[in-house]
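Here is the structure we will look at.
The values are calculated or read from the model by the stated rules, or taken from the named source; none is laboratory data. Because the structure is predicted, anything quoted here is derived from the model rather than measured. Here the Cβ is made from the backbone with ideal geometry for all residues, glycine too, and neighbour counts use every protein chain on show. Note: accessible area is taken over every heavy atom of the protein model, side chains too, but ligands, DNA and RNA are not part of it. Shrake-Rupley method; radii C 1.70, N 1.55, O 1.52, S 1.80 Å.
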Amino acid sequence: MTMRILLVSCLLVLGGCTQIPPMDFAPADVLPTGTKIDAGMKDISIAFGKKDERLGNIEVGFGGNQYEASFKSSFEDALQEALIKSAVFNDMADRRVFLVAKVLKLETPTMGINFDTDFVVRYQLLDTSTGKLVFTRDINTQGSVPGDYAFLGAARWTEARNVAVRENIMMFIDSLAEYKQ
């Protein structure tokens, strides 16, 4: 019994030293791109794929999807910030586009060392004056953190997701170089 109490105490002390990182999806190293799209960004919408569109499970919150609204809001804010920093859209243009980012897969194991996370998003740009789809790209990224990132599994779980989303946003911005006007 004393050994159990000692073990639990040690785990609590070690776990208490680790902070669970917040959802931080915004890539830090976004620079203005050489590409400039002759359209302004009107709005961004974040959605989850319907069952027939999904490429896997969509697991938003730890052990369930109760955090759907905060995930969508954090993802939208990070995407908007990165697009502004990249200066890829021309806010002075007459044409406007609407961005739909549809999550098709978000899977993180509930247990593990690295918490390898798979994240797939379909990005679509729609011309707001015609409703025509002008660009679409599916971006698939994986996020992972080393076992020594943090003792607490929840911290590694959260950071692996942060890594996957940040990389996904960066790859989307890079893919906009292929946009044909």
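Here's a check for you: in the range 81-96, which residue that is of a type in the set (A, V, I, L, M) and free of Cβ contacts under 8 Å to residues at least 60 places away in the same chain is least open to solvent (accessible area, probe 1.4 Å)?
The first filter runs over the range 81-96 and keeps only residues of a type in the set (A, V, I, L, M), leaving 82-84, 87-88, 92-93.
Those still in the list that are free of Cβ contacts under 8 Å to residues at least 60 places away in the same chain too: 84, 87, 92-93.
Working: I84: 118, A87: 35, M92: 166, A93: 12 Å².
Among residues in the range 81-96 that are of a type in the set (A, V, I, L, M) and free of Cβ contacts under 8 Å to residues at least 60 places away in the same chain, the one least open to solvent (accessible area, probe 1.4 Å) is A93.
Against the definition (in a strand (DSSP E or B), among the polar types (S, T, N, Q) and open to solvent by less than 50 Å² (accessible area, probe 1.4 Å)), how does Q124 come out, yes or no?
Yes; evaluated as a whole, the condition is true for this residue.
Just checking, does the range 157-167 include any residue being of a type outside the set (D, E, K, R), part of a helix (DSSP H, G or I), over 20 Å from K72 (Cβ atoms) and modelled with pLDDT of 90 or more? Don't jump to the end; show me each part of the working.
Here is the first cut: in the range 157-167, the residues of a type outside the set (D, E, K, R) are 157-158, 160, 162-165.
Filter once more, so that each one left must be part of a helix (DSSP H, G or I): 157-158, 160, 162-165.
From the residues that got through so far, the ones that are over 20 Å from K72 (Cβ atoms) too are none.
Checking the range 157-167: not a single residue is of a type outside the set (D, E, K, R), part of a helix (DSSP H, G or I), over 20 Å from K72 (Cβ atoms) and modelled with pLDDT of 90 or more.
Among the residues of the range 38-60, write down those that are more than 14 Å from the chain's Cα centre (by Cα) and either open to solvent by 80 Å² or more (accessible area, probe 1.4 Å) or small (G, A, S) (or both).
Selection gives D38, A39, G40, K42, G49, K50, K51, D52, R54, L55, G56, N57.
Among (1) surrounded by fewer than 13 Cβ atoms within 10 Å (Cβ to Cβ); (2) of a type outside the set (G, A, S); (3) modelled with pLDDT of 85 or more, which single condition is P27 missing?
(1)
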